[in-house]
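So the structure is just underneath, and the comments pick up after that.
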Amino acid sequence: MKKINLYYFFFFFFFPTAILSQVKSNLWYDGNARVNYNRDALEGVLKEKDTISSRSNGGGFTILDLGLHFTPVDDIEISSEIRLQNDFGGMWGNKSVVELRSLSAKGIINNKIAFSVGDIYLKQTKYTLYNYDQELSEFEPSIFEFYRDFVNYENYYKSNYWRLHGVQTNFSYNMYNYIKQLDFDGFATRIRGQEWMGKPELLMIGGSAVIKSINNLNLGTHYVNTFEVLSSSNGDVFYYNPVLNTQLSYTGKLRNIPYKFLLEGGFSTRGWGGDSLAPQVKGNFTEATFSSKTNKGKIKIGFRYVDTDFRSVGSQTRRVNYNTTTTSYPYYSNNYTQRKASLIDIISDPKIYNQNLSTSLMNYNPMYSSTEPYGNATPNRVGFTAGIDNFKLTDYISAKFQTQYFSEVIGQGTTNKRLFSKSSLHSLVSLDKLLSLKNSFDIEGGVNFESVQRNGDDYEKVDLKTILCSGSISYEILKNLKVIAGVKMFLAEGNEFIAERDMYDQINGFESTRYNSEETILIAGLQHYFTDNIYFTMQYNKFNVLDKTKVYDEFSIGRIIFMFNMNL
């Protein structure tokens, strides 16, 4: 095995050199290097009661992701990224891995048509193809960012793009008179390969066309179609899900204040050809938003309607997969209970995340996300949103705020409808500016409140409330060396009915679930930035999950973690 890994290493490292020896080209490097070590230990009552689980366990790794870029001609670039990984405890190649992390090529034809082949990152609109952020991550203090950066990097999450495999092309035309520019984009990807004696090959094709006028009026049409290739298997049933989205936007100024109005709508079709028992569902959506930017900050208000039968593979696939086994203490207690993913795993465990598009609605936990478990594309929602971003109260206090109010379009299992509300607030106080200190001194705070309610008889009532409070403090004791401390407290109490769906995503029952949970995350340590892209942190973390319904035993661990990160 070690020899095979070495062969891979020498091949991928010297292959570009061999090419360069024959073709005059430019070669440049980028990538990422990371060292991570953590040790988890049982704490609290679990340490005394659990006589089966190990008292502590630790592990770590050193990773170098080396990106190679070379241009055999001016208009062509070939890129690859090779991962060299050595787990702690391995010597002389033991527990070492060499693998190809990505491979792609891109270029421009006649200085007009751009193309990419291989591993590509795709994003369209929030209803056709979009990778939404994980739960409860938008308004958290910055000292938790090192965990989020680690999770996003390991799962190829970049600015809400999905990483897919295929080909993409785009080009633009500059026009005259009333039309200023025409933009076109198209792609074809392979989501699932051919499976012998299994499901057929699953492909996604899509494209966008945007017309930009001279009077700041833009019209765009975006289309994706996810479908199975029936001829790639010996079955006679194939899946299809085309989605169309049209956007009309206008930008202008009112008393020298810029604003933008966006109106969009579309529809979807979903079905299974060749299956007489499968339903074909058609859904639609409409959204209107108004946004403006001033010296004080940005404001945005909107209205949204998403039909109960709207389905979109590219926009309704979730990041967090609650069916995945957790990394840290997946089983605990003397009953050998499987531990469910909680807030500590959502924050720090990259292995519970999903990298593949899903043709069915993935499970979600109502405790952490009920209002928008599938982002803007969450079906069966109608309501309003409002938000303020980067609002500067003073030179040393800034804040952002978001609120949402939705209701179901139709009731589930009853004629009564659920009512959803969600409000989030984050603020940053720069005490160094307030107190005229030389070293940075920041205090951050945030709160996220969410509720779900449904009236009616006792058997159909829903009343679930959750709140997440978070805060942090960081003080620069030496240049770029900070002492940091932070806390997250999550509380959930109430009841909810979780829909049970069949293979066609049709609801065939409900599971009544009661919640009474309390989670705490404490962080304290040091953090040093050499540059914006190179830093290390050494911390002690305390995680505690208490299920007051007594369905699960209390889970409590302490973690010592060291992480060094360098973006090349």
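Would you please name the residue that is surrounded by the most Cβ atoms within 10 Å (Cβ to Cβ), looking only at residues in region 337-357 that are of a type in the set (Ser, Thr, Tyr) and under 15 Å from the mean Cα position of the chain (by Cα)? Step through it out loud before you land on a result.
Step one: of region 337-357, the residues of a type in the set (Ser, Thr, Tyr) are 337, 342, 348, 353.
Next cut, under 15 Å from the mean Cα position of the chain (by Cα) only: 348, 353.
On the way: Ser348: 22, Tyr353: 20.
Checked region 337-357; the qualifying residue surrounded by the most Cβ atoms within 10 Å (Cβ to Cβ) is Ser348.
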Candidates Gly265, Gly283, filtered to the one that is more than 23 Å from the chain's Cα centre (by Cα), assigned to a strand (DSSP E or B), without any contact (Cβ under 8 Å) to a residue 24 or more places away in the chain and surrounded by 16 or more Cβ atoms within 10 Å (Cβ to Cβ): Gly265
Members of region 362-375 found to be assigned to a loop (DSSP other than H, G, I, E, B) and either among the hydroxyl-bearing types (Ser, Thr, Tyr) or under 16 Å from the mean Cα position of the chain (by Cα) (or both), listed by number: Met362, Asn363, Tyr364, Asn365, Tyr368, Ser369, Ser370, Thr371, Glu372, Pro373, Tyr374
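Can we say Thr289 is under 19 Å from Ile388 (Cα atoms), part of a strand (DSSP E or B) and polar (S, T, N, Q)?
When the stated conditions are applied, Thr289 passes them.
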Wholly enclosed strands (runs of 3 or more DSSP E) of region 449-557 bearing at least 1 residues under 26 Å from the mean Cα position of the chain (by Cα), over 20 Å from Glu135 (Cβ atoms) and modelled with pLDDT under 95: 481-501, 507-531, 534-547
Pair list, Cβ < 6 Å and 6+ apart or interchain, from region 357-374 residues that are within 21 Å of Tyr305 (Cα to Cα) to residues that are part of a loop (DSSP other than H, G, I, E, B) and aromatic (Phe, Trp, Tyr): Pro373/Tyr364
Enumeration of residues in region 370-388 that are among the β-branched types (Val, Ile, Thr) and closer than 7 Å to Phe406 by Cα: Val382
Residue in region 196-207 that is in contact with a Phe, Trp or Tyr (Cβ under 6 Å, 6 or more places away or on another chain), among the small types (Gly, Ala, Ser) and either farther than 28 Å from Asn225 by Cα or crowded, with 16+ Cβ neighbours inside 10 Å (or both) present: yes
In region 315-341, the residues that are over 29 Å from Lys126 (Cβ atoms) and touching an Asp or Glu at 6+ places or on another chain (Cβ under 9 Å): Thr326, Thr327, Ser328, Tyr329, Tyr332, Ser333, Asn334, Asn335, Thr337, Arg339
Single residue of Arg255, Arg192 found to be at positive phi and either surrounded by 14 or more Cβ atoms within 10 Å (Cβ to Cβ) or among the basic types (Lys, Arg) (or both): Arg255
Complete set of residues in region 32-62 that are surrounded by 16 or more Cβ atoms within 10 Å (Cβ to Cβ), of a type in the set (A, V, I, L, M, F, W, C) and modelled with pLDDT under 90: Leu46
Residues being in contact (Cβ under 8 Å) with a residue 40 or more places away in the chain, surrounded by fewer than 17 Cβ atoms within 10 Å (Cβ to Cβ) and either within 29 Å of the chain's Cα centre (by Cα) or part of a loop (DSSP other than H, G, I, E, B) (or both) - total across region 270-280: 3
Among the candidates Ser470, Ser512, residue that is small (Gly, Ala, Ser) and surrounded by fewer than 16 Cβ atoms within 10 Å (Cβ to Cβ): Ser512
Asn295 surrounded by fewer than 19 Cβ atoms within 10 Å (Cβ to Cβ), under 28 Å from Gly413 (Cα atoms) and of a type in the set (S, T, N, Q): no
Region 342-381: number of residues that are under 17 Å from Glu500 (Cα atoms), in contact with an Asp or Glu (Cβ under 6 Å, 6 or more places away or on another chain) and hydrophobic (A, V, I, L, M, F, W, C): 1
From Ser315, Ser360, residue being surrounded by fewer than 16 Cβ atoms within 10 Å (Cβ to Cβ) and either closer than 23 Å to Ile205 by Cβ or touching a Pro at 6+ places or on another chain (Cβ under 6 Å) (or both): Ser360
Looking only at region 124-136, and only at residues there that are of a type in the set (D, E, K, R) and farther than 23 Å from Thr269 by Cβ, the one that is surrounded by the fewest Cβ atoms within 10 Å (Cβ to Cβ): Asp133
Conditions (1) at pLDDT 95 or above; (2) over 16 Å from Leu129 (Cα atoms); (3) not in a strand (DSSP E or B): number failed by Thr326: (1)
Scope region 95-123; condition in contact with a helix residue (DSSP H, G or I) (Cβ under 9 Å, 6 or more places away or on another chain) and surrounded by fewer than 15 Cβ atoms within 10 Å (Cβ to Cβ); matching residues: Glu99, Leu100
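The values are calculated or read from the model by the stated rules, or taken from the named source; none is laboratory data. Since this is a predicted model, take the numbers as computed values, not measurements. Counting neighbours? That spans all protein chains shown, and the Cβs are built from the backbone with ideal geometry, glycine included.
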